[in-house]
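Heads up: the structure comes next, in structure tokens.
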Amino acid sequence: MFSTTANKITVARIVLIPVFLVLAYTGHSVGALIVYLVACASDALDGYIARHYNQISNFGKFMDPLADKMLVLAAMCFFVENGQMPGWAVAIVLFREFAVSGLRLVAAERARVIAAAWSGKIKTTVTMVGLAAMMVFNLPAVNITVTVLIILTTVYSGVEYFMKNYDVLRDAD
């Protein structure tokens, strides 16, 4: 499970999430930002290592996207509590994540794998970069812009997953 470098990096990203939250909630904003940026960079690094060194594993396929979601949702919850983001924005992100996960489960029952789409990768990148911008510039204009971009990319990628894989649901019992 943790035998590959890529998987170790993924687990390290998960371990960094509570560190980020403790720093953020105790007012250590620079430290929180650094930990968050390291965690975000580890997402690109573990994916590169997994592909380049043939370390792709079932554990990584499951935990890497889960670690991403855990990180960004933890940051988004902090911003909601801090008054920088509306709670409904987090609800939209959660709805999309549960819906796409459900779609993937139905597909898996039919021995079909739904690969990550580019729109999902763009959504993750926009979200990670945007949340970092909110940490650096705690300004209403930045917070609103980032929230709008997160919602737009989240909704677009969710709709795309369902449109491209509509047959999975159409053929469901």
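Just so you know, all these numbers are worked out from the coordinates, no wet-lab data involved. The structure displayed is predicted, hence computed values, not measured ones. Backbone-built Cβ (ideal geometry, glycine too); neighbour counts: all protein chains shown.
At-a-glance table
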item	result
Backbone HN-Hα couplings from phi across the range 128-140 [Karplus 6.51/-1.76/1.60, Hz, Gly and Pro as x]	5, 5, x, 5, 4, 4, 5, 6, 6, 10, 7, 10, x
Residues SER42, SER3, sorted so that the one with the fewest Cβ neighbours within 10 Å comes first	SER3, SER42
GNM flexibility winner over the chain from TYR161, TYR48, TYR36 (Cα, springs under 10 Å)	TYR48
Top of GLY27, GLY60, GLY158 by mean-square fluctuation, Gaussian network on the chain, Cα under 10 Å	GLY27
Extension gain (nm, one decimal) between ARG112 and TYR53, 0.36 nm per residue minus Cα-Cα	18.7 nm
Cα shape, the chain, gyration tensor, a/c 1.5 rule	oblate
Per residue convex hull volume, Cα atoms of the range 6-68, in Å³	58
Dipole in debye (nearest 20) - the chain, about Cα centre, beta carbon charges: Lys, Arg +1; Asp, Glu -1	240
Alpha carbon Rg of the range 27-106, scaled by the compact-globule rule 2.2 N^0.38 Å	1.29
